[in-house]
Amino acid sequence: MPSQQNEQPFLVRFYDSKIKAKDAKGRTLTSITSWNDDQLEYHHDYIQLLFPLPEGSPFNASAPVIDRTTFDAFRSRNDLKHYLRTALNRILRFYGFEFSHNLSHNPGHEPSPPDYKVVKAPNFDRASRNWVRKFNHNHLRITRILRSLRVLGLEREAKGFFEALKGVFEGGRISEKSMMFWTRAVERPLFLAPEDDEDVGEGAEFLYEFEESREEIGSIGELDGGEEGVEAAMEGTAPAINGEVSAEVVSKEEL
């Protein structure tokens, strides 16, 4: 008879610090986030583990996908969001960014007071040489990261990262198409993927339900505290609902 732990979705077990599930290659969250920058650059099949999506990958059938149970777990468990934030902190350093204030905290609690502003880190000049250009496979990764964070409940962190990316884009070295995908990833309703030009009703059902709930809660939140009321309702107090790239450099495993 399967244990209760094994009945949980893989992504929940992978991010659960008490379970520390391994992927097919024996990698854990801790082992991947301990990699150096060269390893993060040249391995292409870990990004789907750290930042999964509700859409399956057409080029990597084994990539884990966010289902309703995973969505509900991350939305309702601060410990899972804490370790997702740990993964984000590592990938931010890889790109040469950091949060303006340390968001490390007790895994069972949200940071207080929260500060989600992302700024250039001391290593930005070196790190940016790897991805600040018109075409780079990291632009695909960034689109994935932004969308994954939003779906799994770290919407404010996604917005902070996006604002930092906008500052880099204004320097003129990032293509408009990459910026378009990043913007779609942070501004669209969650049921609509960045690569889709329009909603044809193929998004995950639980994301449609969530966005309907968001609209209802938004109306209440606006009465109970404006934008902060809405964000509080969507990121903790509300119950969970049951880049332009060159073909020469992109790794399709990252889609």
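Values in this text are rule-based calculations from the coordinates and carry no lab data. Every value quoted in this text rests on a predicted model; they were computed, and no experiment measured them. Every residue, glycine as well, gets a Cβ built from its backbone with ideal geometry; the counts of neighbours run over all protein chains shown.
With a cap of 15 neighbouring Cβ atoms within 10 Å, and only residues DSSP puts in a loop, list the GluC sites (Glu not before Pro) found in the range 2-85.
On the way: sites: 7, 41, 55; in loops: 55.
Answer by residue number: there is no such site.
The ranking of 30, 70 by Cβ neighbour count inside 10 Å, starting from the fewest, reads 30, 70. At full extension, residue 101 and residue 188 could sit 28.6 nm farther apart than now, given 0.36 nm per residue minus the alpha carbon distance. Label separation (residue 30 vs residue 134): 4.5 nm, computed from points 7 Å beyond Cα along the C-beta direction.
Computed packing ranks the peptides 71-80, 152-161 as 152-161, 71-80, most packed first, by mean other Cβ atoms within 10 Å.
Quote to one decimal, in nm, the extra length available between residue 17 and residue 166 on full extension: 0.36 nm per residue of separation minus the C-alpha distance between them.
Values: separation 149, 0.36 × 149 = 53.64 nm, distance 3.34 nm.
Length gained between residue 17 and residue 166: 50.3 nm.
Partner lysines whose Cα lies under 26 Å from the Cα of residue 22, excluding those fewer than 8 positions away in the same chain, are identified as 81, 252.
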